[in-house]
Each structure stands twice: as structure tokens, then as C-alpha cells.
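Take a look at the structure set out below.
The values are calculated or read from the model by the stated rules, or taken from the named source; none is laboratory data. On a predicted model such as this, the values are computed, not experimentally measured, just so you know. A quick note on method: Cβ atoms are made from the backbone with ideal geometry, for glycine too, and the neighbour counts reach across all protein chains shown. Areas reflect the complete protein model, heavy atoms only, side chains present, ligands, DNA and RNA absent. Shrake-Rupley method; radii C 1.70, N 1.55, O 1.52, S 1.80 Å.
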Amino acid sequence: MSSSYLDNIPMGPPDAILGIAQAFRSCEDPNKVNVCIGAYRDANGQPWVLPSVRQAELVFKEENKEYLPIEGDVAFVEKALTFAYGQEAPLERIAGVQSLSGTGACRIGGAFLGRFLPKGTKIYIPDPTWGNHLKIFAEAGLVVERYRYYNRATNGLNLKGLLEDIGNAPDNSVVLLHACAHNPTGCDPTHDEWKTICKLIQSKRLIAFFDSAYQGFASGNAEQDAWALRYFVSQNVPVLLAQSFAKNFGLYGERCGTLSIICDSPEQREKVMSQLRLVIRPMYSNPPKHGSSIVRTILSDEKLTAQYYTECKTMADRIAEMRTKLVSTLEKVGSTHDWSHVTNQIGMFAYTGCNKEMCDILTEKYAIFLTKDGRISIAGLNDANVEYVAKAIYDVTEGKPITLEE
């Protein structure tokens, strides 16, 4: 059978992150270190399935394999939304559907907005952000703009630039916000800064689209990590939420999440739900059920919920410990730079300040695989490799700036 119609298909570029992961797997250096992929590793550098997840799987192991509804497992969605919005969440007016993790939630939300907002509506996305955000929302038909978020001169939040850029956005635009543990910088606004951002968004009649991938994983306290989202809701800002259970429940391969939209009334909620079903049906029809069954089972059982919270804090605490150890080891090996931004950051990633040239040397000379913007996954560090990584970072940064002049 002829395939000549494929002859002129160009080779697509590799994914920026997954391509690095492939290069790591191909590398034969015995000292190689993967600090690229955002997946938790234990103190021995191994994937960790939460014991509460294993226990939940035993509880529902006899469930059938029937299709879920288009909107997913309704009981799971209710538990997931309560986890995000709190026990007092107005579920009667929150339109929520199960999604293919956070990526799928962003895609559903983007498609919904692209369908019902005026053509040419802009979505403002932080610079920097998770790379897939830009592609997802452009594919959904929204006009992607950027707003300043991180100040490389101070290795901290660029609140002034953020407020200026969002302040210049047309009314009724959409603003993407990382609910906690900003990816890639690990730099979050303080509560007071969140209040300032919220007030501006409210005054401009903008729509807040939260992406929550690290609730509980960021600080070890799921309630604390939900503060910004819940504050915006309390101020009656129009809110959408993309929620993922990949990082905080360790369900990376289960593709489990939700997309939710705060509505004005139960009647409005029903209309929105009907349209979300129409978005989902031709996209993937209905979601998988294994991951959602795990989360539903854990959050429906008081003992499993308590166990889960303890395990989630274990992950967050190890990440915080490795942040501190990386900085102290950098000082120990002789670095004269101020690395306090690394310990001030939160979540899975650290934005080191290394430039592309430094990152290239780290990979080519030391087989340390990281993204070219200097982001490293703290989860990839452990007692066996942190000194090796610190010495390598010292080698490529000493005598060179890790901040940029504005």
C-alpha cells in the first residue's frame, strides 16, 4: 500500500522536557543525574507509590470495568472539589468534570472558554510557566499573551511587572495563575501579594484560571496550599480550576484530575455542565476510572485520608530537606553566591539562576540532565548525589552571575 501522501511530512521537534528524559535514559555515564522530570523520588532515587494508594486499590479491587459517564465519576468529582475548595465549598453551583489530569483539565477549560468568550479573547500566562500551557491554550483558540512573573535580577517575584501587565489586559480577559508551587520557579506570592493581585483582577473584571498541580505537595499542608484559590472564590472573582492528582497523590500514569467552573447559581451550573459534556464527548468521550477510584476511596475514608496527609507531608518534607542540603553543600564546596532563593522557593522545582550555557556544561561534562532555563527537580536529589550536583553547579557558576541585570 502506497504511503506517498506521508512523504512530505516533516520531522517534529522533540518535546523540551521529555526529550531530555530520553537523553538521560540513553546516557551511559554511571554518575548521571536526572533533575529534569517533575516526578517524586524517594531517598534512594526510586519512584514511591503511596501506601494509602496501595491500600485504596485493595478496597475497590472488585469494581467492574464499565464506562464512566462523560463527566466522570461524580462521587470522585465531589470529593476532589471539596479537597480543593474546602468543606464549605458551594458544590451546588460548581460545575465540575473529571479530566485527564491537569493537562486535560486545561484543555477542556481552554476549549470551553474558546467556545463561549468573544473571538480574540486573550489569556495572560506567566513568564515563565509550564511550557505546555502555551500550546494548550493556543490550540483551544485563545490568544496567548504573557505577563511578567519572575525577576531574574533578584531571583524573586516580579510583582511590579505582574501588576503592570495584568493591569494593561483588556477587560474580560483570562489570567492563568499557579495555585501554589509555581512551575518552574517555585516562587509564590505571599498572602498579601495574592490579595493585591486579586483586587486588580476583580477591578478589571478578568477571569482567573487556576492551575493546581501541587496542593499538599508544596508545603505539606493541603489547606494552606489552597489559600489563594479559596481567597479568590471568597471575593467572588470568576474562577476556573484545573486540578491534578499526579504529583500530590503520586498518580502520574493514571491521568486523574478535574476541571471546575464557579457558577452564579445551580441553574447556571446545569447549563455549564451540559456544555462541558459537549466539549468532552468528541475529545475523548469519557475518562479512565482507576485513578479516580483511588482518590475517591482515600478521600471517602477518614483513616485513609489521615494516612494520605501524613504521606504527602513526607514527600514535601523530603523536598524541603534537599533544598536546604543543596544550598548548605554549595556553601561547603566553596560557592560564594547567595543561594537563599533556592530555600525560599517551594514545591518540586528550584529555579537555580543557571543560564543555558551553564546548563549545557552541566549536562555535557557532568551528565546532569536539567531544562535549559536552569530549573531542577529537587525530587531528583538525594544523599547519594547532592554533593556531586553541588560541586558541578559550583564549577559552572563560580565567578559568573546567577542573576540578570534588568
The listed residue being crowded, with 20+ Cβ neighbours inside 10 Å, farther than 30 Å from Tyr150 by Cα and of a type in the set (D, E, K, R), out of Arg281, Arg375, Arg269: Arg269
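Name the strands (runs of 3 or more DSSP E) wholly within the stretch 193-285 that hold at least 1 residues that are within 28 Å of Met348 (Cβ to Cβ) and out of contact with any Ser or Thr (no Cβ under 9 Å at 6 or more places or on another chain)? Reasoning before the result, please.
Numbers: elements: 207-212, 239-244, 257-262.
Those strands (runs of 3 or more DSSP E) span 207-212, 257-262.
Residues are listed down the side, and each one gets a yes or a no for (1) touching a residue at least 60 places away in the same chain (Cβ under 8 Å); (2) closer than 30 Å to Asn385 by Cβ:
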position	(1), (2)
Gly19	no, yes
Gln22	no, yes
Val33	yes, yes
Gly38	yes, yes
Asp42	yes, yes
Arg54	no, yes
Phe76	yes, no
Ala95	yes, no
Ser99	yes, no
Looking for whichever is under 30 Å from Gly110 (Cβ atoms) and in contact with a helix residue (DSSP H, G or I) (Cβ under 7 Å, 6 or more places away or on another chain) here; the options are Gly291, Gly347, Gly334. Which one fits? Gly291
For the stretch 379-406, give me the residue count where each residue is over 17 Å from Asn155 (Cα atoms), of a type in the set (A, V, I, L, M) and open to solvent by less than 50 Å² (accessible area, probe 1.4 Å). 7
Under the condition of being surrounded by 24 or more Cβ atoms within 10 Å (Cβ to Cβ) and more than 15 Å from Gly72 (Cβ to Cβ), which residue from the stretch 287-311 is nearest to the chain's Cα centre (by Cα)? Tyr308
What number goes with the only condition from (1) more than 26 Å from Glu139 (Cα to Cα); (2) among the aliphatic types (A, V, I, L, M); (3) free of Cβ contacts under 8 Å to residues at least 12 places away in the same chain that Leu68 does not pass? (3)
Here the residues within the stretch 256-266 that are surrounded by fewer than 22 Cβ atoms within 10 Å (Cβ to Cβ) and of a type outside the set (A, V, I, L, M, F, W, C) are Asp264, Ser265, Pro266
Residues located in the stretch 32-72, provided they are open to solvent by less than 90 Å² (accessible area, probe 1.4 Å) and basic (Lys, Arg): Lys32, Arg41
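Residue under question is Ile319, and the condition is that it be surrounded by 19 or more Cβ atoms within 10 Å (Cβ to Cβ) and within 21 Å of the chain's Cα centre (by Cα); does it hold? Quick ask: steps written out before the conclusion?
Working: surrounded by 19 or more Cβ atoms within 10 Å (Cβ to Cβ): yes; within 21 Å of the chain's Cα centre (by Cα): yes.
Yes.
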Can you name every residue in the stretch 98-126 that is within 19 Å of Tyr214 (Cα to Cα) and not polar (S, T, N, Q)? Leu100, Gly102, Gly104, Ala105, Cys106, Arg107, Gly109, Ile125, Pro126
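For (1) at pLDDT below 95; (2) under 23 Å from the mean Cα position of the chain (by Cα), each residue gets a yes or a no:
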{"position": "Ile20", "(1), (2)": "yes, yes"}
{"position": "Phe24", "(1), (2)": "yes, yes"}
{"position": "Asn31", "(1), (2)": "no, no"}
{"position": "Asn34", "(1), (2)": "no, yes"}
{"position": "Ala39", "(1), (2)": "yes, yes"}
{"position": "Asn44", "(1), (2)": "yes, no"}
{"position": "Val49", "(1), (2)": "no, yes"}
{"position": "Ser52", "(1), (2)": "no, yes"}
{"position": "Ala56", "(1), (2)": "no, no"}
From Asp15, Asp29, Asp7, grab the single residue that is without any contact (Cβ under 8 Å) to a residue 60 or more places away in the chain, surrounded by fewer than 16 Cβ atoms within 10 Å (Cβ to Cβ) and closer than 22 Å to Arg375 by Cβ. Asp15
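Let's see how each residue does on (1) more than 23 Å from Arg277 (Cα to Cα); (2) at pLDDT 95 or above; (3) crowded, with 22+ Cβ neighbours inside 10 Å; (4) hydroxyl-bearing (Ser, Thr, Tyr):
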| residue | (1), (2), (3), (4) |
| --- | --- |
| Phe83 | no, yes, yes, no |
| Phe116 | no, yes, no, no |
| Thr121 | no, yes, no, yes |
| Thr154 | yes, no, no, yes |
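Of the residues that sit in the stretch 327-360 and are of a type in the set (Gly, Ala, Ser) and open to solvent by 10 Å² or more (accessible area, probe 1.4 Å), which one is nearest to Thr185 (Cα to Cα)?
Residues of the stretch 327-360 of a type in the set (Gly, Ala, Ser): 328, 334-335, 340, 347, 350, 353.
Add one more test, that the residue is open to solvent by 10 Å² or more (accessible area, probe 1.4 Å), and what stays is 328, 334-335, 340.
Values: Ser328: 20, Gly334: 25, Ser335: 21, Ser340: 13 Å.
My answer is Ser340.
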Residue pairs meeting the criteria (Cβ under 9 Å; at least 6 apart or on separate chains; first among the basic types (Lys, Arg), in the stretch 345-367; second assigned to a loop (DSSP other than H, G, I, E, B)): Lys356/Lys372; Lys356/Asp373; Lys356/Gly374
Which residues, taken from the stretch 85-105, are open to solvent by 20 Å² or more (accessible area, probe 1.4 Å) and under 19 Å from Lys271 (Cα atoms)? Pro90, Leu91, Glu92, Arg93
Give all pairs with beta carbons closer than 8 Å in which a residue from the stretch 394-406 that is more than 14 Å from Val327 (Cα to Cα) and assigned to a loop (DSSP other than H, G, I, E, B) meets a residue that is among the aliphatic types (A, V, I, L, M) and at pLDDT below 95; count only pairs at least 6 apart in sequence or on separate chains. Thr403/Ala153; Leu404/Ala153; Glu405/Ala153; Glu406/Ala153
Scan (1) assigned to a loop (DSSP other than H, G, I, E, B); (2) within 25 Å of Gln224 (Cα to Cα) for the single condition Tyr308 breaks and write down its number. (1)
